[in-house]
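Notes for the one structure printed next.
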Amino acid sequence: EKGGFDHFMLKEIYEQPNAIKDTFRGRLRVAEGIVKISGVEDNLQKFMNADRILIIACGTSWHAGLVAEYIFEEFARIPVEVEYASEFRYRNPVIRPNDVVIAISQSGETADTLAAIKLAKESGAFVFGVCNVVGSSISRETHSGAYTHAGPEIGVASTKAFTTQITLLTLMALRIARAKGTMARADYYRYLQELELVPDLVAEALKSNDNVQAIAAIYKDAPNCIYLGRGYNYPVALEGALKLKEISYIHAEGYPAAEMKHGPIALIDERMPVVVIAPKQEHYDKIVSNIQEIKARSGKIIAVVTKGDTQVKALADHVIEIPETSDALSPLLATIPLQLLSYHIAVMRNCNVDQPRNLAKSVTVE
Ligand code: F6R
């Protein structure tokens, strides 16, 4: 049942190229130059007229929502707010009729997300679900939605659900951007073509496994770890830290790289591993200077870089290469080595990878 893998988590990490293809199926039509998601087509006017998109989710799904915030704002120029469902539901939030609410949930059963959806519906907002489990409570409670089609995710730590959520939300943003005319035609076609390459690029990123395992062996006994990223990869830093916490029980924190100097940099010394997501993209020079700041305080740098990178390589203690793609799609690749890193560290620490302590696959109680 684990398909030759030691754990469901590893199997699911390796399923990602195919899971992403399944998310694309019938929707990403490069030859025709279109993206077609029936739930979006049926409600295109609502998305086009949205004054704001509110994304509600928990945990890893909330991180996918943060990536989507950057993508929707860039592509479709719609203001986005990403909310923890548990905070949203108890806050007396301002929800206006022209707000579109997107609820993201792998299981479709998360109690707080479900309650937040009900609240949003009472306020008259249109609520769209992004779920993995077909027929789940959230998929039934929302007005419309689209499934990620990642297939069953058994490991408690979410992996393929995350990358397929980002994939689906990216497709949605492209469709809406095209309809609204907020993205140049040439850019739109280029994204369709680049998206189609993503499954192969994820497969290539998975080839970092042996290198990541060797790095895991060096840091497996670290009591703490910091993850840094900027822009589209800031949420990936949060997700990398969450994966490490939940399955290896190492205290980890994710930060936007430039926030370091506002406090967390005080934590840096020669015992602190810092995972920096530093692909060649906009603000690359900024992340290079963030790395220099950490090096100056003797922190240990594990950098995720674009294949062929030289500048970060010269500074970092370890580098993990990912293939080149456009900035907006880079979270789909940068996530892969971070999943593998947490997996290998957890295995080396004899942790129960698929069933971490204190956690349940679907959180149906608040
Ligand atoms: C992390 C993880 C949790 C879930 C969260 C939301 O690996 O699995 O943080 O992401 O409980 O669950 P869903 O997406 O089912 O609503």
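What follows draws every value from the coordinates through simple rules; no lab data is involved. Quick caveat, the model's predicted, so the values are computed rather than measured. Counting neighbours? That spans all protein chains shown, and the Cβs are built from the backbone with ideal geometry, glycine included.
Its Kirkwood hydrodynamic radius, worked out from the mean inverse distance over all distinct Cα pairs, puts segment 1-127 at 16.3 Å. Relative to the present Cα-Cα distance, how much length would full extension add between K220 and S362 at 0.36 nm per residue of separation? Difference between extended and current length: 48.3 nm. Long hydrophobic helices in the chain, taken as whole DSSP H segments with a C-alpha length of 18 Å or more on their own axis and mean Kyte-Doolittle hydropathy at least 1.0: 330-348. Each of S136, S38 has some number of other Cβ atoms within 10 Å of its Cβ, and from fewest to most they run S38, S136.
Cross-link pairs exceeding 22 Å in C-alpha to C-alpha distance, out of K207/K361; K160/K313; K286/K313; K207/K245; K261/K286; K46/K180, comprise K207/K361; K160/K313; K207/K245. Ordering S107, S362, S326, S61 from the fewest to the most neighbouring beta carbons within 10 Å gives S326, S362, S107, S61.
Go through segment 197-252 and name the trypsin sites (Lys or Arg not before Pro) that are in a DSSP coil and have 14 or fewer other Cβ atoms within 10 Å of their Cβ. In loop regions of segment 197-252 (DSSP not H, G, I, E or B), the sparsely surrounded trypsin sites (Lys or Arg not before Pro) are K207. With contributions of -39500 (n - 2.57) from each DSSP H run of at least four residues, the per-residue ellipticity at 222 nm computed over the chain stands at -14000 deg cm²/dmol. Whole-Hz Karplus values for segment 33-44 come out as x, 10, 10, 9, 10, 4, x, 7, 4, 5, 10, 4 Hz, taken residue by residue from phi with 6.51 cos²θ - 1.76 cosθ + 1.60 and θ = phi - 60°; glycine and proline positions read x. What translational diffusion coefficient, in µm²/s and rounded to a whole number, does the Stokes-Einstein relation yield for the chain at 25 °C and a viscosity of 0.890 mPa s, taking the hydrodynamic radius as the Kirkwood radius over Cα pairs? The estimated diffusion coefficient comes to 119 µm²/s.
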